[in-house]
Structures are given as structure tokens and as C-alpha cells.
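Let me begin by presenting the structure, written as C-alpha cells, before commenting on it.
The values are calculated or read from the model by the stated rules, or taken from the named source; none is laboratory data. Values in this document were obtained by computation on a predicted structure and should not be read as measured data. No Cβ is skipped: glycine too gets one built from the backbone with ideal geometry, and neighbour counts run over all protein chains shown. What goes into the accessible areas is simple: the full protein's heavy atoms, side chains included, and nothing from ligands, DNA or RNA. Shrake-Rupley method; radii C 1.70, N 1.55, O 1.52, S 1.80 Å.
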Amino acid sequence: MNDKQRAKLAMFQTTLRVLDEHADAYAANKALTAAVAVFQAEVDILDPEHLAQRAESGGLTAVKKKTRLRVAAAAHNIGAALYAYAADPAHEDLPLQAAVDYTQRTLERKSDADLVRLARLILDHGTTHAKALVDLDVAAADLTELRDALTQFKAEQAAPRAARAEGAADTKLLARTYREAQAQLTQQIDRQLGRYESKDPKFFAAYQSARLPNATAARNAKTAPDKAKQA
């Protein structure tokens, strides 16, 4: 929410307070009562106190970093065992050595996509050679740990993208709601309030005052010195 929107929301809320305080004056006016109800609903959408609270992106980043380390550690544990297996002269496998030859530090420095790709590759090789790896201190639980870590990491990768998409949608929704609230005010409520200029002058004056932009006083204060300089 930018400064202009905050000022607009403040005006909306002030106007609603006046309408609420003088609700008895237009209780018999079903059209105005309905218009005010719609306006109230739209302002509630814009009010931060009525918006759903979201987790801070920093929390997501911290969680994701922890899971990255978990994936790297689990992949390195299995990869190191696979390298030792492939380097054994009894069943030397140079392509396998090259495929799993990564330190934990190297894995940690990989991009998200590369880390997932390499960890998945190591998991596949580990699953294929699971029986042989038992003698190298890699159990089924170690394979499960890497699989679970990968699943969690991929879910956390998707979360920020979903949050950004939701944020963009919310921004568009708020902008549209501001327009709709303003239209409801000018096209429905303002027009009907004109009838109360003579019926209830106090109510009409309070409403007109509430409808003034909050920045009016500030603009006038800045204008006065400028005029004095020009005189």
C-alpha cells in the first residue's frame, strides 16, 4: 500500500465513521443504506486489520537454506560411498565416479536447480547400488533421508513463487477494490447525500468535511509561503 492509497483509505474510513454516526438520518433510505453496506465491505477489504497475515519471506528463506544444507549433506553422504564403491578395482566404474564426485561444500554452492538435479542423480545411483552400499555404511534410511529432503526442498522452492504470484494477484485486487470503493462513493453515496443538505444540514456538513482529501491542509500550508514570496 503506497502513500496515496493510505490517504485514500483514511478518507474512506473517516467517511464511514460519519455515515455510521448519522445512520439514523438515512435509516429509511434503503438505497443509501445498501450503498453504504457495499462501501463498508470494500473498505474492509482494504483495511490492513482485515487482511490475512502472511509469513515473512525471511522465514521462508531461512527454512529453505536449512533444507538446502540437509539435501547437500544427505547427497554427499551417499555420493561419497558411491565414489568409494566405483573406485574399487573389483568393480571400477569411471563414469559413476565422475557422476558422484562432489564435496558437500560444492553441492551447497550449486544453484537450486543443479542441487536438485545432482541430488536426484546420486539418489538414483544409490538406489541402484543399495545392496553394495550397505557395506559402506549407507543404509536404506540414508536413501530415505535424501528422498525426503529433496521432497521438502522442492516444496519450499515452489512456496516463494506461489507467494509472489499471490502477492501480484493481491496487488491487482487491491487496486481494483480502491477503484470500486471510490466509484461507490462518488456515483452512489455522494449523489444521494445531496438530498440531506436541507433535510439534515449537520449530517451533510460532517459528510462533506469527511470527504475532503487528507492532503488538502498540507497543500494549503505549502502554498501560503510560496504566495508570500511571490508578493
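Exactly one residue among 41, 35, 23, 90 is out of contact with any helix residue (DSSP H, G or I) (no Cβ under 7 Å at 6 or more places or on another chain), under 30 Å from residue 195 (Cα atoms), at pLDDT 85 or above and of a type outside the set (S, T, N, Q), and that residue is 23. With the condition kept exactly as written, say whether any residue in the range 101-116 is modelled with pLDDT of 90 or more, more than 22 Å from residue 152 (Cβ to Cβ) and hydroxyl-bearing (Ser, Thr, Tyr). The answer is yes, given that some residue of the range 101-116 is modelled with pLDDT of 90 or more, more than 22 Å from residue 152 (Cβ to Cβ) and hydroxyl-bearing (Ser, Thr, Tyr).
Residues that are of a type in the set (Val, Ile, Thr) and more than 30 Å from the chain's Cα centre (by Cα) were ranked within the range 16-47; the one that is surrounded by the most Cβ atoms within 10 Å (Cβ to Cβ) is 36.
Residue check: is residue 133 open to solvent by less than 50 Å² (accessible area, probe 1.4 Å), part of a helix (DSSP H, G or I) and within 19 Å of residue 66 (Cβ to Cβ)?
Details: open to solvent by less than 50 Å² (accessible area, probe 1.4 Å): yes; part of a helix (DSSP H, G or I): yes; within 19 Å of residue 66 (Cβ to Cβ): no.
For residue 133, the condition - open to solvent by less than 50 Å² (accessible area, probe 1.4 Å), part of a helix (DSSP H, G or I) and within 19 Å of residue 66 (Cβ to Cβ) - is not met.
Would a scan of the range 178-198 turn up a residue that is touching a His at 6+ places or on another chain (Cβ under 9 Å), at pLDDT 90 or above, assigned to a helix (DSSP H, G or I) and open to solvent by 50 Å² or more (accessible area, probe 1.4 Å)? The answer is no; no qualifying residue exists. Among the residues of the range 79-130 satisfying the criterion of being among the charged types (D, E, K, R) and outside any helix (DSSP H, G or I), which is most open to solvent (accessible area, probe 1.4 Å)? Top of the filtered list is 92.
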